[in-house]
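The values are calculated or read from the model by the stated rules, or taken from the named source; none is laboratory data. On a predicted model such as this, the values are computed, not experimentally measured, just so you know. For neighbour counting, all protein chains shown are included, and Cβ atoms are generated from backbone atoms with ideal geometry for every residue, glycine included.
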């Protein structure tokens with residue numbers, strides 16, 4: 001049985017957290033896996049709850065390389081066949097670990113790595129550059145979309161060593177949801193069945209295009225005051241969006257909920273989900289919407305067109321096009337039947353193409369391909 005060790009910082013949230021936990025929860029039924037995190041927190045708690053074999057090797061500071069020896073010992077004693085990294089910190093450590101272990105290393109590219117730290121000039125100059133160098137020293141890459149693979153090829157990564165696998169979601173588990181009225185009451189909001197709720201589950205970060213959604217909301221609310229906008233998420237740019245909401249007197253219709261623990265109930269409470277990002281990979285928030293048959297509007301970016309067919313399983317608008325987004329919101333807000341059809345179609349397509357089972361099959365195949373390529377390389381070098 002193949003043995004694979006997964007390395008991640010352990011401070012991850014959002015899509016990367018969901019991806020790794022969803023993947024390993026199912027993958028552990030097919031092979032021997034170990035998840036190694038460099039800190040304790042919400043990620044490790046979720047991993048333990050999912051029954052994933054877990055080891056925590058504390059790295060107190062990002063540049064503390066004493067962790068490398070500890071990881072080398074875990075790899076050697078566990079006799080692992082492959083190291084799979086997730087995220088910038090894991091990539092950085094893997095470059096040093098590579099000198100001490102003789103197994104293939106692969107990393108998953110969850111997003112455009114050049115845009116990961118744009119919220120801070122310091123982080124952008126330091127972490128982005130370090131990760132860019134580290135990625136080129138890791139032999140194999142997994143891109144979560146064909147679009148990302150093409151992006152890596154344009155940046156002169158070796159095409160033969162890039163694999164593509166889409167994110168997957170557990171479509172079979174029972175979802176425990178609160179009714180919309182009880183859920184919104186926690187945020188001091190009332191729920192009215194004759195009104196329409198537009199949701200956006202998103203990190204409050206410039207790359208997510210939240211100002212595009214707010215501009216569209218201005219246009220929509222002016223014409224249809226029965227429409228409300230609920231934004232679930234936290235981030236460093238929250239104060240900027242609060243100012244926009246205040247300046248345009250949107251407080252009674254646009255609500256920043258902050259961090260939401262019960263995302264299942266959030267999706268249940270909304271009628272339409274909107275993602276207005278400038279850059280995306282293959283976002284889990286859309287898969288989560290599909291699982292609850294929610295009509296979706298998204299910017300046409302990254303791997304999203306590989307997930308959603310326009311006017312068939314959702315609506316796609318050009319990046320940054322406020323007028324088009326407002327038009328689509330109005331169209332779906334006024335047409336509950338179309339919302340239902342888009343949501344049902346999206347659900348069926350995700351169930352068939354982007355389930356957790358499909359993701360695991362793809363990963364097993366990729367691991368086998370990497371092992372074959374690695375053995376051939378060793379044979380040539382001997």
_Filtered residue count, the stretch 238-255, keeping only those that are surrounded by fewer than 18 Cβ atoms within 10 Å (Cβ to Cβ) and not in a helix (DSSP H, G or I)_ = 5
*Candidate set from the stretch 261-279 (those that are farther than 23 Å from residue 317 by Cβ and in contact (Cβ under 8 Å) with a residue 24 or more places away in the chain); member that is surrounded by the most Cβ atoms within 10 Å (Cβ to Cβ)*: 269
*Could you check the stretch 274-333 for helices (runs of 4 or more DSSP H) lying wholly inside it with 1 or more residues that are over 16 Å from the mean Cα position of the chain (by Cα)?*
322-333
*Condition broken by residue 213, with the remaining ones in (1) in contact with a helix residue (DSSP H, G or I) (Cβ under 8 Å, 6 or more places away or on another chain); (2) in contact (Cβ under 8 Å) with a residue 60 or more places away in the chain; (3) within 19 Å of residue 13 (Cα to Cα) satisfied*: (3)
*Within the stretch 1-104, which strands (runs of 3 or more DSSP E) (wholly inside it) include 1 or more residues that are buried (at least 22 other Cβ atoms within 10 Å of the Cβ)?*
3-8, 32-37, 82-86
*What number of residues within the stretch 335-355 satisfy the criterion of being within 21 Å of the chain's Cα centre (by Cα), surrounded by fewer than 13 Cβ atoms within 10 Å (Cβ to Cβ) and under 16 Å from residue 315 (Cβ atoms)?*
0
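To keep it simple, each residue is scored yes or no on (1) more than 20 Å from the chain's Cα centre (by Cα); (2) closer than 21 Å to residue 106 by Cβ; (3) in the same structural domain as residue 144 (by TED's automatic domain parsing); (4) modelled with pLDDT of 90 or more.
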residue: 7; (1), (2), (3), (4): no, yes, yes, yes
residue: 28; (1), (2), (3), (4): yes, yes, yes, yes
residue: 32; (1), (2), (3), (4): yes, yes, yes, yes
residue: 43; (1), (2), (3), (4): no, yes, yes, yes
residue: 51; (1), (2), (3), (4): yes, no, yes, yes
residue: 57; (1), (2), (3), (4): yes, yes, yes, yes
residue: 64; (1), (2), (3), (4): yes, no, yes, no
residue: 67; (1), (2), (3), (4): yes, yes, yes, yes
*State whether one or more residues within the stretch 226-237 are modelled with pLDDT of 95 or more, in contact with a helix residue (DSSP H, G or I) (Cβ under 8 Å, 6 or more places away or on another chain), buried (at least 19 other Cβ atoms within 10 Å of the Cβ) and in a helix (DSSP H, G or I).*
no
*Which ranges mark the helices (runs of 4 or more DSSP H) fully within the stretch 117-190 that have 2 or more residues being modelled with pLDDT under 95 and within 22 Å of the chain's Cα centre (by Cα)?*
129-137, 146-154
